[in-house]
Amino acid sequence: MRAFGAKVSQPTPSSWLIEPTGYTATDFVIEPDASAATYFWAAEVLTGGKIDLGVANDAFTQPDARAK
C-alpha cells in the first residue's frame, strides 16, 4: 500500500491504521509465474523459437524456473 502512496502505520501487532490519502499510480514489477512459464519454455525447445516473458530467465527467483 505504501508503494502506491498510502500512509500506513501499525500501532499494535494486531491492528493497522490507514489514513484516507488515496492511491497514486506507480510502476510495479511482478515476476511472472515460473510454473506457468514452463509451458512457454517447452514451446521454445520444441519449435526452436524464442519467447520473451519480460524477465531474463536467470532473473527468476522461483524454484520452478530451474525446469528450463
*So what's the convex hull volume per residue for the Cα atoms of the chain, in Å³?*
126 Å³
*Between Gln62 and Ile30, what is the label-to-label distance in nm when each label sits 7 Å out along the Cα-to-Cβ direction?*
1.2 nm
*asked:* Along the Cα→Cβ direction, 7 angstrom out, place labels at Phe4 and Thr38. What is the inter-label distance in nm?
replied: 3.1 nm
*By how many nm would the segment from Ile18 to Lys50 grow when fully extended, if each residue of separation counts as 0.36 nm and the alpha-carbon distance is taken off?*
7.0 nm
*Low-density loop cleavage sites - chymotrypsin sites (Phe, Trp or Tyr not before Pro) in the chain, where at most 16 other Cβ are within 10 Å (DSSP)*: Tyr23, Phe28
*Determine ³J(HN,Hα), in whole Hz, for all residues of segment 38-55 in sequence, where each value follows from phi through the Karplus function 6.51 cos²θ - 1.76 cosθ + 1.60 and θ = phi - 60°; x replaces Gly and Pro.*
4, 5, 5, 5, 5, 4, 4, 5, 5, 9, x, x, 9, 10, 9, 8, x, 9
*Taking +1 at the Cβ of each Lys and Arg and -1 at the Cβ of each Asp and Glu, which of Tyr39, Ser14, Phe28 sits farthest along the dipole of the chain towards its positive end, judged by Cα position relative to the Cα centre?*
Ser14
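Read the figures in this text as sums done on the coordinates, not as results from a lab. Computed from a prediction, not measured in an experiment: that's the story for all the values here. Every residue, glycine among them, receives a Cβ derived from its backbone with ideal geometry; neighbour counts consider all protein chains shown.
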